[in-house]
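See below for the structure under consideration.
The values are calculated or read from the model by the stated rules, or taken from the named source; none is laboratory data. Keep in mind it's a predicted model, so treat the numbers as computed, not measured. Glycine also receives a Cβ, built like all others from the backbone with ideal geometry; neighbour counts cover every protein chain displayed. The accessibility values were calculated without ligands, DNA or RNA, using every heavy atom of the protein model including side chains. Shrake-Rupley method; radii C 1.70, N 1.55, O 1.52, S 1.80 Å.
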Amino acid sequence: MNMAAHHGKEPGFSTHAIHTGQDIDQVYGAVVPPLHFSTTYAPDGIGNLRNGYDYGRAGNPTRTALQQQLAAAEGGAHAFSFSSGLAAEDAVIRGLMRPGQRIVMGNDAYGGSYRLISRIHGDWGIANTPLDLNDHERVAAELEAEDATLLWVETPSNPLMTVVDIAALAEIAHANGALLLVDNTFATPYLQQPLALGADVVVHSTTKYIGGHSDVVGGAVVLSDDDLAQKVAFQQFAVGAVSGPLDAYLTTRGLKTLGVRMDRHASNAAAVAEFLAGHSAVERVLYPGLSDHPGHELAKKQMRNFGGMVSMQLKGGEPAARKVAEATQWFILAESLGGVESLMNYPHEMTHASVRGTELAVPENLLRLSVGIEDVEDLIEDLDQALAGL
């Protein structure tokens, strides 16, 4: 659906999220497009495909609708939906890199991304250099080398909530002939649009905020460059790590309410962060919305709001972190994030166990909170009683 052409101006985020790719069914007039489970499609004679569909791996109308929706949400020209966030990242690396090349990345990247890059692609000749992405001189020096072809960014990062300057890093990458990839999972396209800031590729674990209900695993790649998109499209088709139709449908359904959910996630997270910052058992609160966060001003500049993720470090070290993680009622101890329910994670042994002992290791006293959309008074009371047990 070309909404800009229909009304003469570019629609807002939520209007796009609700309507783009969601054309009214031409047979029955269904407002919600039908869910297509078919694995194969009958042509109108040999070689004459109906609307371009022939086989489910190559294309599916439900997946197409989601991809149109994702592209519009990120302000990109092309989007590709995958079976997981890591499958999406893998397709980018396979499609855009070759053995002998190197990824320059943040030294606090998500453990799963680092595991994919170092242990899977590392064995096939793709090197990596983790560093502080706020040290622009060091980033530029690394990217000057001919083998450094991709700069990999998370902002805010998982789980240390580091904020880095997307526009500045895009300039540095492009000046050195490298591409800039931004993992926009934490911020979501509602709060931050890296392509508009100069990024070449955006990746998501749609499992998180875009799906939003902790019931569907998925990933996405969004780009505007036609040549890069063609390479990712070939990986999606030839390797086949596509999202199934039901997964695509659930992700589409989640994306339609992303804007209103993120408003609530962000307001709840801000209140939780303020409470934790004033608690005697808390050593440090990591949330870009706090004025003393080192990335606060930058986050204000490149984000619509500060998001729903809060990390905290406890004065009592690892024992305190473990005790609090197992003492909450509304904050559920579980991996993942971005659902309507609040989750608490102990990254040292859960999501980031794969980077223990490396430069990317997470502090042992750190807890990561995915602040949900419950009544915030209940969430604060829950944290207060858990911390009172220390």
Once a ≥ b ≥ c are taken as the square roots of the eigenvalues of the Cα gyration tensor of region 258-390, is the result rounded (a/c under 1.5), prolate (a/b larger than b/c) or oblate (a/b not larger than b/c)? rounded
Only helices counted: for the chain, with every DSSP H run of 4 or more residues adding -39500 (n - 2.57) and the sum spread over all residues, [θ] at 222 nm is -10500 deg cm²/dmol
Between SER291 and LYS323, what length comes free when the chain is fully extended (0.36 nm per residue of separation minus the Cα-Cα distance, one decimal in nm)? 8.7 nm
I need the GluC sites (Glu not before Pro) found in region 345-390, filtered to DSSP loop residues with at most 12 other beta carbons within 10 Å of theirs. GLU359
Lysines within cross-link reach of LYS208: Cα-Cα under 17 Å, excluding same-chain residues under 8 positions apart? LYS256
Relative contact order (%) - the chain, alpha-carbon pairs under 8 angstrom, separation at least six: 17
Output wanted: per-residue J couplings in Hz (rounded whole) for region 111-125, from phi through Karplus 6.51 cos²θ - 1.76 cosθ + 1.60, θ = phi - 60°, x for Gly and Pro. x, x, 5, 5, 4, 4, 5, 7, 9, 9, 6, x, 5, 10, x
What is region 150-240 by shape, rounded, prolate or oblate, if you read a ≥ b ≥ c off the alpha carbon gyration tensor as root eigenvalues and call it rounded for a/c under 1.5, prolate for a/b larger than b/c, and oblate otherwise? oblate
Here Rg/Rh (Cα, Kirkwood) for region 8-152 equals 1.10
Counting only DSSP beta bridges with both partners in the chain, the antiparallel fraction in percent, to the nearest 5, comes to 55
Just want the answer: with Cβ charges of +1 for Lys and Arg and -1 for Asp and Glu, which residue in SER38, GLY219, GLY95 is farthest toward the dipole's positive end in the chain? SER38
What's the carbon and sulfur percent of the chain's accessible surface, probe 1.4 angstrom, rounded to a whole number? 51
What number comes out for accessible area per residue over the chain if the probe is 1.4 Å? Units Å², please. 42
